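These notes concern the structure reproduced below.
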Amino acid sequence: MSDKDLSQCSLMELFRTEAETQLSLLTNGLLALEKDPSVRAQLEEMMRAAHSMKGAARIVNLGSVVKVAHAMEDCMVAVQKGVLQLQREQVDILLASVDLLARISQTPEPDLGKWETEGKPEVEAHLDKLASVLKGEPVETARPLSAAPAAAVATPIGPAVSNPPTQPEQPAPPPPSPPAPPPAAGASSSPIESGRMDRVLRVKAEHVNRMLGLAGESLVESRWLRPFGESLLRLKSLHSDMERSMAVLRESLSGLFIDERTETAWNASRKCLQDCQELLANRFTELDMFDRRSANLSYRLYHEALACRMRPFADGLNGFPRMVRDVGRRLGKEVRLVLVGEGTQVDRDILEKLEAPLAHLVRNAIDHGLESTADREAVGKPAEGTVRIEARHSAGRLVITVSDDGRGIEIERVRRTVVKRSLTTAETAAVLSEAELLEFLFLPGFSVREEVTEISGRGVGLDVVQSVVKSVRGTIRVTSERGKGTRFQLQLPLTLSVLRTLLVEIAGQPYAFPLAHVLRTVKLPREAVESLEGIQHFRLEGKRVGLVSSHQIFGHPEPATQSGSLCIVVLGETNQRYGLSVDRFLGERELVVQPLDARLGKIKDISSGSIMEDGSPILIVDSEDLIRSIEKLANSRSLHRLEGQGGGDAKRRGKRILVVDDSLTVRELQRKILTARGYEVEVAVDGMDGWNALRDRDFQLLISDIDMPRMDGIELISMVKRDRKLRSVPAMIVSYKDREEDRLRGLEAGADYYLSKGSFHDDTLIRAVGDLIGPAA
């Protein structure tokens, strides 16, 4: 379904939308009847769904759908009248009918006509099976289609495959046919829904994201009023100081003669000061009230915009009951799916990415975790195994748990497999804890199964599950109890647009570390730092943790003096940790994530940016990229020591460069590159800001963009070259404009160098700066 108004949709688009809804109702109703044939509450709803499907198909001339839907409706009528009692094999046929209708409705429009010709034998064969169901005759059923991979289910035309090749160890999503399309928050599940008069507006995800970004900026902007109000308080305090000074002056003049003119002027001055104080007090009160209203309105606006991205957790699980039923049938196991927290609100992007990992964990639980019926009864368990999926909010995080009541994981078997596959030595494996051994399950290719089945055993899957969870800034942990079951817990952010972070200061600049990737924060005495084979480390929970300087990682000169305790951010996994020494901790903060300009490409160790409450920019660290950078330096033996490294260089003053650009990301990128080479860098947000900085301080080089508000780069450079004191300062233009006429225009204005951002690289910039002013020192 395309993201446009319903009035602009074709009849076929409307049919596909309705088919998704009606097929979902049929699937859920059949599963309910299979569990309890006496429940008839959903029969009428199923009959209406089949009837609506038939009517809609007749409008778009899909005769095959009309025939199958009509045959299914006849079966429902027979069940309602008590003529037909549905058994499991008959439910299989009816569910296969749902799959067939889904395959037809999902077929591209140019190929739909083939169902009336090439697909006719398959449709007729299926109608024969439905006729046998209606007569109560035994029917040979094929293996459930939904247990096959999605590609097999979605085959447009041709006979169904009774035993399709499967690769279920890959985390594939649940079958596409049963689920209904996910509704937006506060909207109905479909734009076509019987008996509903709600108006539904379809909005593109990118528009919702843009609205959320603007709401976040509005929230930040509203907080700028607070420091402005504080400046008015300082002005009010200065007025009070002035009034006291005037009183002291008046007292000191009390013995002297003051003429009438001076007395009049004095009184007028005092009256003017009192009026200013009164006006300032009134305006401050009004500003404070406006600040509160603005902040409250922006806060509400932001959370309403955020709610547009949120969906109930159940929206991502529509196909799971059918999948559990079919996988259980294939494995000969009785399985019950329990869903808890279906109404828990989840970010739509997170929910979409979680469907495949959760489906894989559920299939694993049925295949690996649950015992056969005979084995369960032998140990006193109910014949029916339970798989439980629970979602809840906890401490500002989304926690999803997938658990089963099966046999659990045999820890000693994992220990033997680790040694057998040479992942560690027998001596090390013997002392590993249960939690450490279970972490091996997430390694690529790791499996404790000796045999390979269609469902699992190839060791492919959990590593992909972990990768997907990490991609949404989450973590996954597994626990198990022998004979009682296994439990996977996913901890995820509530939304991808807001990030809980730890703020730190490095070389006077703030950086944000996602809290999900911060294992610990530590304040450590310097004498606790040890050195082994040239690598510094410290002890944490009895284990060595490598120590790295954040100044080296982010390209800042080391501070000249280092005293006091070390502030350390511990990153990495349980068995591979690194401590990053920062200058100081600034506290925790929720930040609205602002993506970096795609034209900049991937910036090393940085994932995105944000804006602080006072409007200042901050870079958000890419934790995984940062760990890779640390490992690279460690492997090459290039890590600096924290004591005395770079201290002498830091005392020498580098050449000062002014970077003028209205793009936050471009400014920060250029500052980072130049600072890493020893240059001192200041930044300005536009030409006017840059012009004021040039007149106020000395710089050895000006680097400017062209298109900027208030004053563009061409005007700035022209003014610099006309100024007698500044004309000797070299000027470089770095711009996205790379046409020859743009280059000539910049050089004519007086620029000494023109660099295109389209061909921008670290070395290109450094070479250009070196050509103009030489190295930093």
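The values are calculated or read from the model by the stated rules, or taken from the named source; none is laboratory data. For clarity, every value in this text was computed on a predicted model and none was experimentally measured. Every residue, glycine among them, receives a Cβ derived from its backbone with ideal geometry; neighbour counts consider all protein chains shown. Just the protein is used for accessible areas: all its heavy atoms, side chains included, with ligands, DNA and RNA removed. Shrake-Rupley method; radii C 1.70, N 1.55, O 1.52, S 1.80 Å.
It is to be established whether one or more residues within the range 653-664 are in a helix (DSSP H, G or I) and either at positive phi or modelled with pLDDT under 85 (or both).
yes
Every residue in the range 343-360 that is open to solvent by 10 Å² or more (accessible area, probe 1.4 Å) and of a type in the set (A, V, I, L, M), please.
356
Does at least one position in the range 325-342 carry a residue that is surrounded by fewer than 17 Cβ atoms within 10 Å (Cβ to Cβ), touching a residue at least 40 places away in the same chain (Cβ under 8 Å) and touching a Pro at 6+ places or on another chain (Cβ under 8 Å)?
yes
Sort out which residues of the range 391-415 are within 30 Å of residue 499 (Cα to Cα) and assigned to a loop (DSSP other than H, G, I, E, B), and write them in order of number.
Those that are within 30 Å of residue 499 (Cα to Cα) and assigned to a loop (DSSP other than H, G, I, E, B): 395, 396.
Cβ-Cβ distance below 9 Å, separation of 6 or more or different chains: which pairs start in the range 375-403 with a residue that is touching a residue at least 12 places away in the same chain (Cβ under 8 Å) and end on one that is open to solvent by less than 10 Å² (accessible area, probe 1.4 Å) and charged (D, E, K, R)?
Between residues of the range 375-403 that are touching a residue at least 12 places away in the same chain (Cβ under 8 Å) and residues that are open to solvent by less than 10 Å² (accessible area, probe 1.4 Å) and charged (D, E, K, R), the close pairs are 383/376; 384/376; 385/376; 398/347.
Given the options 260, 243, 286, name the one that is over 60 Å from the mean Cα position of the chain (by Cα) and either modelled with pLDDT of 80 or more or surrounded by 10 or more Cβ atoms within 10 Å (Cβ to Cβ) (or both). Spell out the reasoning first.
Values: 243 fails: over 60 Å from the mean Cα position of the chain (by Cα); 286 fails: over 60 Å from the mean Cα position of the chain (by Cα).
That would be 260, the only listed residue that is over 60 Å from the mean Cα position of the chain (by Cα) and either modelled with pLDDT of 80 or more or surrounded by 10 or more Cβ atoms within 10 Å (Cβ to Cβ) (or both).
Only one residue in 727, 743, 710 is under 39 Å from the mean Cα position of the chain (by Cα), without any contact (Cβ under 8 Å) to a residue 60 or more places away in the chain, farther than 30 Å from residue 552 by Cβ and surrounded by fewer than 18 Cβ atoms within 10 Å (Cβ to Cβ), so which one is that?
One residue alone meets the criteria, 710.
List the strands (runs of 3 or more DSSP E) that sit entirely inside the range 567-614 and contain at least 1 residues that are open to solvent by 40 Å² or more (accessible area, probe 1.4 Å) and farther than 23 Å from residue 630 by Cα.
Strands (runs of 3 or more DSSP E) meeting the threshold: 584-592, 606-611.
Can you name every residue in the range 88-106 that is among the charged types (D, E, K, R) and surrounded by fewer than 20 Cβ atoms within 10 Å (Cβ to Cβ)?
Going residue by residue through the range 88-106, those that are among the charged types (D, E, K, R) are 88-89, 92, 99, 103.
Selection gives 88, 89.
Residues to consider are 296, 364; find the one that is among the polar types (S, T, N, Q) and within 29 Å of residue 592 (Cβ to Cβ).
Numbers: 364 fails: within 29 Å of residue 592 (Cβ to Cβ).
Selected residue: 296, the only one of 296, 364 that is among the polar types (S, T, N, Q) and within 29 Å of residue 592 (Cβ to Cβ).
Go through the range 251-289 and give me each residue that's touching a helix residue (DSSP H, G or I) at 6+ places or on another chain (Cβ under 7 Å) and within 30 Å of residue 590 (Cβ to Cβ).
284, 287, 288
Please go through the range 308-324 and pick out each residue that is in a helix (DSSP H, G or I) and open to solvent by 40 Å² or more (accessible area, probe 1.4 Å).
Step one: of the range 308-324, the residues in a helix (DSSP H, G or I) are 308-309, 313-316, 320-324.
Once the filter is applied, which keeps residues that are in a helix (DSSP H, G or I) and open to solvent by 40 Å² or more (accessible area, probe 1.4 Å), the range 308-324 yields 308, 321.
For residue 85, state whether it is within 25 Å of residue 332 (Cα to Cα) and not in a helix (DSSP H, G or I).
The answer is yes for residue 85.
If I ask for residues that are modelled with pLDDT of 85 or more and open to solvent by less than 40 Å² (accessible area, probe 1.4 Å), which ones from the range 506-527 would you list?
506, 510, 511, 512, 513, 514, 518, 522, 524
Going residue by residue through the range 13-22, is there one that turns out to be of a type outside the set (D, E, K, R), modelled with pLDDT under 80 and within 38 Å of the chain's Cα centre (by Cα)?
Yes, there is a match, as at least one residue in the range 13-22 is of a type outside the set (D, E, K, R), modelled with pLDDT under 80 and within 38 Å of the chain's Cα centre (by Cα).
For residues that are open to solvent by 20 Å² or more (accessible area, probe 1.4 Å) and free of Cβ contacts under 8 Å to residues at least 40 places away in the same chain, scanning just the range 730-740, find the one that is nearest to residue 695 (Cα to Cα).
Ranking the candidates gives 737 first.
Which of the residues spanning the range 21-77 are open to solvent by less than 60 Å² (accessible area, probe 1.4 Å) and of a type in the set (Lys, Arg)?
Within the range 21-77, just 54 meets the criteria.
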